[in-house]
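Sending over a structure as structure tokens; questions will come in a sec.
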Amino acid sequence: MEESNRSYVKPTSVLPTEDFTETEMLVQWNKYAQRLGEKGFKIMESLLLINDPKLNGTQITLELPNEGSKLDFESQLNGLLGHLRGHLHNHDISIEIIVNEAIETKRSFNDQDRYNRLLEINPNIELLRTTFGLDLHT
């Protein structure tokens, strides 16, 4: 009887810390940006796509052009972190934001630019294109 009255303490689960590549991080980063854009959060989408984030271990560094964009980005940071941590199976991921007012924004303007951008993220895109005989229409 005494044993049943003791409170059960649930063991804390160990959060995953799997390795991931910069390419995998960029794919998830861009998926999150696209999802935000589809929901109408165009400003946050553009902040995510303004510059490629850099990966160093589990630290992701993003350069933004000014303090205002940093504040906007930080207001949505938890959602992005949750997405990255969940999809990359690593809860040690952190994001550092650096303000660099000399930053040049990288924007894709046509299909070829977009294709080149995707090719930077994942070189297997070229294999997919050639395997299925796909062409870019500009």
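Read the figures in this text as sums done on the coordinates, not as results from a lab. Since we're looking at a predicted model, the values are computed, not measured. Note that we place each Cβ from the backbone using ideal geometry, even for glycine, and neighbour counts take in every protein chain shown.
Once the dipole of region 22-106 is set up with Lys and Arg at +1 and Asp and Glu at -1 on Cβ about the Cα centre, which of ILE97, GLY37, GLN76 lies farthest towards its positive end?
So the residue we want is GLY37.
Computed over the Cα atoms, what is the radius of gyration of region 22-106 divided by 2.2 N^0.38 Å, N being its residue count?
Cα-based Rg divided by the globular estimate yields 1.00.
Under 13 Å from the Cα of LYS42, which aspartates and glutamates turn up, not counting those fewer than eight places away in the same chain?
ASP72
Something else about it: Rank these for me by crowding, ASP113, ASP135, ASP52, going from fewest to most other beta carbons within 10 Å.
Listing ASP113, ASP135, ASP52 from fewest to most nearby Cβ atoms yields ASP135, ASP113, ASP52.
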